Every structure is written in structure tokens, then in C-alpha cells.
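Everything below concerns the one structure shown next.
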Amino acid sequence: MPSGMKKGLTSYGDAAFSLYLRKAFIKAMGFSDDALARPIIGIADTFSDFNPCHGNVPRLVEAAKRGVMLAGGMPMAFPTISIHESFAHPTSMFLRNLMALDTEEMVRAQPMDAVILIGGCDKTIPAQLMAAASVDLPAIVLPVGPMLVGHYKGEVLGACTDCRRLWGRFRAGEMDAAEIEAVTGRLAPTNGTCMVMGTASTVACMTEAIGMALPGSATIPATHADRIRAAEAAGTAAVRLAAAGPRPSEIMTGAAFDNALTVLQAIGGSTNALIHFTAVAGRLGIAIDPERFDRLGRETPVLVDLKPSGEHYMEHFHWAGGVPRLLQELRELLDLSCPTVAGGTLEKALESAEDVPGQSVIRPRARPISTGGGLAVLRGNLAPDGAVLKRSAATPALLRHEGRAVVFDTIEDMTARIDDPALDVAPEDVLVLRNAGPKGAPGMPEAGYIPIPQKLLRQGIKDMLRISDARMSGTAFGTIVLHVAPEAAVGGPLALVRTGDRIRLDAEARRLDLLADDAELARRRAAWTPRPPHATRGYARLYEEHVLQADHGCDFDFCRPPA
Ligand code: FES
């Protein structure tokens, strides 16, 4: 099996010529024969001026290179797509699969014996894990780390839970335009990923738990010296992985996915992570069973007290002991025999867990924040293929609720009418948004956090039951049912709901039902017609024709292994 510079030669019909030509060109970089004979460690560089979350990537690349060279390898950094949440039109989710394709093909195409994947902002690590699963070359994920907290007039601020909370206060007339403008300079005070338990933090913690990142590396703040040292350690580990593995398919087993999903429940993590890890598992031929995930949730207490469900921020989680300390608390619920990129098993990774006396961020199992997990999977005639509810961020009184549907047909319809003083809506109603799923929007935007109508906000209403086929930012909160599958755009039952229908949520029974009789629903189905496709060409067409539903991780059908 060829390795290093001899791997994956460009096809000229003469292998010796291909290697000779490759050497001739790479020597233009000034590398010696000794350097080029070493194991080659690729480093996926996701720095972009459009991605402030990845602002520390150049220093991480430099430190990772140092680690590779200290271990006797030859580092080769290469660029891939980088996606930032706020700079991705129409949505970052629309581009996740493109980044997965790009990363997969660049890792395949270029000669490397292992790869360090530097990611962080929401969709980047999922895309990299999807690629790693498909290529199955030894790989290690190096998260960029979370931001430090912001401050405004004595308040501690976290992106983007407080972005939403303060925007809500502005919409309710409690803050003026000058104040909300001033806040934009305080919400994201450093490079790094959002410092609440949003999607980026959730995915980083799960990546450590599944064994694809070094112990402790999920939570180190982006700006700290330890983050640089973690990059160096990743470089050293990558050289060992190149020589002896394990490969991603040997790390990301069914048991390891259970470990990651248990952590998702225990941190009260982002609903988006379920979609992403379902996609990664699908690349390895592993099906994430929603009922099993729900069962894991019922057995797993929420132990980490972070916003948006709790009080603290990622830097506090880190200093409380981070993921290793959390895994210690969960050890009876985990399979500790799973291998990790650190070498050895998860059991060994737990040895690095620090005991921090007096910390209140990671609760002991005997004193959880809540029992029964953070996320619940719902079924019912409104969601035959499932829907997700973040119980830990919901209003307890709304977890069992029946109300009148107020339906918005599209995001544009919602935007146009939600604040209309003439909108017929009451606090006990159920807001429904459709055609915002993987194909419908397209790109399954984070529009599931349907704003409370302004006239109700002004009455002091802070939460309502909201249902959609969209996603929600992991940093958001409320009684919000998401990922309804199948989505409305492919004829799921959400397409049949009318304003005035009654909807019932029973979170304890895991049910979501439209209270209409079958004959009436059959009549509506017969009258339903699909909307015309959005895209005629290019990536948008590829996406629309091949994206799978939320319960299959929204991956492309052709990226899964053959059955
Ligand atoms: Fe990048 Fe939140 S915007 S992690």
C-alpha cells in the first residue's frame, strides 16, 4: 500500500512519471527529500475572512504543524470550504453537504497518511466527520474552541442565546435602536464558536465523546494558550494515527454513537446535532434509531448547567472539568471500551478528568438539573417519521398542550404576517410554520424559532407552542417542535394543517397529533399539489434532487454506502 508522496498518483498512464513530476513540483516549496519521505499529515485549513469563529485557525495550523514535526511527520496544510452561520445564503445547512464533499474529495485526492480537521462553526465539524467517515483515512478533529463571554451594562452575554433574548426585548420595545446597535459590539467579543451550548459546542463535545477529538479539547476557549497546545498535541497524535490507526470506522462504531448521543442528552445539547450525527452514522452504514435515542434520553439526566437551558457558559464548563469530567459522571451509561484518537479507550481518556471542588456547572448524577434527558423524539399523525423537542429549553406548562393552529405557509408568509396587529392569534394558540424543511426552503433554515407575535410580546407572552419542519439554532429556547418529518414540501401531514385545526402535544407520551379525522385529512391530501422546484441548475439542483429528510440526517442519498 503506497504511503506519503507516493499515494494517489495523478493519472498520466505512467506511475513513475507521475511521482517524478509530483516531486519536481513540490520541491518548488523548498522541501528536502528527507521531509518528503516522512509520513504526510494533511491539515484542513478552514480559515476565512468570512468566518470569525475560525479567526484563530492560522495559529492552530502553525501549532499543529509543530506537533507533526515533533513526532517526525511532514505537515501539509490545504484549504477547504469554510462556513459561518451568518455568512451562508440561504443557510449553512444548505452548504454542509458541499463542505463534506469538498473535504472528502480533497482528502482522497491529495497524498496524506492522516488528516487533522480543524473546524468549529456549526456545520463545519459535522461536514468534516461525514468526510472522514467516507474516506476512512486516520483523522483527528481539532475544534477551534468557544469564544469568551461578553459583557454589557453589568450583564454577561453569550452568543447567540442573548442575541435572541435581546432582539426579543428590542422587538417588544424594551430596548431602543442605539442600545441594540451597541450590543452588536459585545455579543461576540473574541474569535471562537458561540460560547453557549449551541450547535457548535454540542458537536464539539459529542466529537470528543465519540473519540474523534483529544480528551479535553472540545471546551478549551479559542483564545487560550491551552488551545494552541491542544493543536500541537493533535499534530503529534496524527502522526501516531498515520502509523497505527485507528481509522474513523474503527472509532465511530454503533457503541461510540450511543456514547455521543448520551452526551447530547446530558448536556441538553442542540437539536441540530441529532441531524448531523445521523448523517455521519449514515456514511458508515449505521442507522440512528430515533426510538433508541429517545430511550437513551429517558435514562440520561441533564447534568451540564449551560445556557440556553441553564446558567453558565463554555469557559465555565471547561474550568469545571469539561467533557472528561462529564464522562466520569456518566460512566455507567457509556461503553468505555470504545477506542479514541488519543490511543487506548474512552476509559483511558477519562483518566484526564479533573476534579474541581465546589464547581456547579457539571452536576453529579445524584443531583441532576433534570431527569429524562434534554431532547425528546415525538411521533403522531402530524409527524409519522418523527419530530424533535428540546425539553430542557421548553416551558414545562406547555409540554402538555392543546391549542388552535395558526398556520404560516412559508417563511415569507410568516415574516409578512407575524407582527400584523390584525393577525388573529392568542397566547394558547399553536404557531405552525411549513415549507421550511430540507427541500422546502430549501436548506432547512433555523426558522423554527418562530417569533412570538409582537402584540403578544407586548402582553408579556414569552413562549408559545411552535411547530415546524425547520431547524432551530442550538442557542435558542422555547417550547418548539422541530424537524417534523416528512416535511410539508414532500407532502408530509404538516402540509395539510389549516388555521383553526386543533393540535395536541403530549411530550411525556412523545405524541404530536393533528385532531382531525382521517376522512378529512384524506380529502385534503387529494387536493394537495407539490410546489414547483426552486432550482434549475448547479449545486442547488443537486441539493434539491438528492437531499434526504431530517430523520436521515439531510445527507445526499448518493453519499451513503450502497445498501
Ligand atoms: Fe459560529 Fe455560532 S456563529 S458557532
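The values are calculated or read from the model by the stated rules, or taken from the named source; none is laboratory data. Because the structure is a prediction, the values reported are computed rather than measured. Neighbour counts run over all protein chains shown; Cβ positions are idealised from the backbone, glycine included.
Of E179, E174, all but one fail to be part of a loop (DSSP other than H, G, I, E, B), over 24 Å from the mean Cα position of the chain (by Cα), away from the ligand (no atom under 11 Å from the Cβ) and not aliphatic (A, V, I, L, M); the exception is E174. Given the residues L378, L433, which is the only one that is over 23 Å from L261 (Cα atoms) and touching a residue at least 12 places away in the same chain (Cβ under 8 Å)? Unique residue meeting the criteria: L433. The condition of being of a type outside the set (D, E, K, R) and either more than 16 Å from the ligand (Cβ to nearest atom) or buried (at least 24 other Cβ atoms within 10 Å of the Cβ) (or both) holds for only one of G55, G119, that being G119. Candidates are the residues of the stretch 182-194 that are over 23 Å from K462 (Cα atoms) and of a type in the set (V, I, T); the one that is farthest from the ligand (Cβ to nearest atom) is T190. Does R466 satisfy being closer than 22 Å to I450 by Cβ, in a loop (DSSP other than H, G, I, E, B) and not aromatic (F, W, Y)? No; evaluated as a whole, the condition is false for this residue.
Looking at the stretch 458-471, can you tell me whether even one residue there is buried (at least 24 other Cβ atoms within 10 Å of the Cβ) and within 16 Å of the ligand (Cβ to nearest atom)? Within the stretch 458-471, one or more residues are buried (at least 24 other Cβ atoms within 10 Å of the Cβ) and within 16 Å of the ligand (Cβ to nearest atom). Any residue in the stretch 194-216 that's at negative phi: show its pairings with residues that are of a type in the set (D, E) and within 10 Å of the ligand (Cβ to nearest atom) at Cβ separation under 6 Å, as long as the two are six or more apart or on different chains. As it stands, the answer is T199/D122; A200/D122, since those pairs meet every condition given. The residues in the stretch 177-198 that are of a type in the set (V, I, T) and in contact with a Lys or Arg (Cβ under 8 Å, 6 or more places away or on another chain) can be counted, and the count is 1. Does V263 satisfy being buried (at least 24 other Cβ atoms within 10 Å of the Cβ) and in contact with a Leu (Cβ under 6 Å, 6 or more places away or on another chain)? In short, no. Checking each residue in the stretch 130-160 for being hydrophobic (A, V, I, L, M, F, W, C), more than 16 Å from the ligand (Cβ to nearest atom) and outside any strand (DSSP E or B) picks out M130, A131, A132, A133, V135, L137. Can you pull out the residues in the stretch 99-120 that are part of a helix (DSSP H, G or I) and either within 29 Å of I220 (Cβ to Cβ) or at pLDDT below 95 (or both)? Hits for the stretch 99-120 are M99, A100, D102, T103, E104, M106, V107. Scanning the stretch 71-84 for residues that are without any contact (Cβ under 8 Å) to a residue 60 or more places away in the chain, of a type outside the set (F, W, Y), touching a helix residue (DSSP H, G or I) at 6+ places or on another chain (Cβ under 8 Å) and not in a loop (DSSP other than H, G, I, E, B) turns up just one, A77.
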